[in-house]
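Colleague: Mind having a look at this structure? Questions to follow.
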Amino acid sequence: MSLTERKEMHVGRKTKKKTMPLAYKPVGFVLGWAGGALAGMAFQKTWKVLRHEDDAPDALDPDRGWGEILLAAAIQGAIFAAVRSAVDRTGAKAIERSTGVWPVGDKGGRD
């Protein structure tokens, strides 16, 4: 491979890296929505197993105590964070496998 061909290939990769984060946004949105729905279902099932109740407490529920509300919020937050990370990572790996480019910029984190 000539030097010119290698330079063109390198420039093509740079362009692909710059445009991929923008192209990934709609995919990330759909994955995030699906992950949120999955996390909600997982939380409801987890709460039912832990407390044998169909409905988790809401922060504005006057019949629930602080401890129960904060416990539910902590469990829900942990489940949502774990599901979001799993969905984000799976989506990014799939994009990388199909395009050869990691879908986010150099910093690699969320906004």
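No value in this document is a laboratory result; all are computed from the given coordinates. Just so you know, these numbers come straight off a predicted model, no measurement behind them. Please note: Cβ atoms are built from the backbone with ideal geometry, for glycine as well, and neighbour counts cover all protein chains shown.
Colleague: If you add up the charges near Ala56, with Lys and Arg at +1 and Asp and Glu at -1, over every other residue whose beta carbon is less than 15 angstrom from its beta carbon, what do you get?
Modeller: It works out to a net charge of -3.
Colleague: Starting from the Cα of Leu50, step 7 Å along the direction of its Cβ; do the same at Glu68; then give the gap between the two resulting points in nm.
Modeller: That separation, rounded to one decimal, is 1.3 nm.
Colleague: Contact order normalised by length for region 39-107, with contacts defined as Cα pairs under 8 Å and 6 or more residues apart; what percent is it?
Modeller: 24
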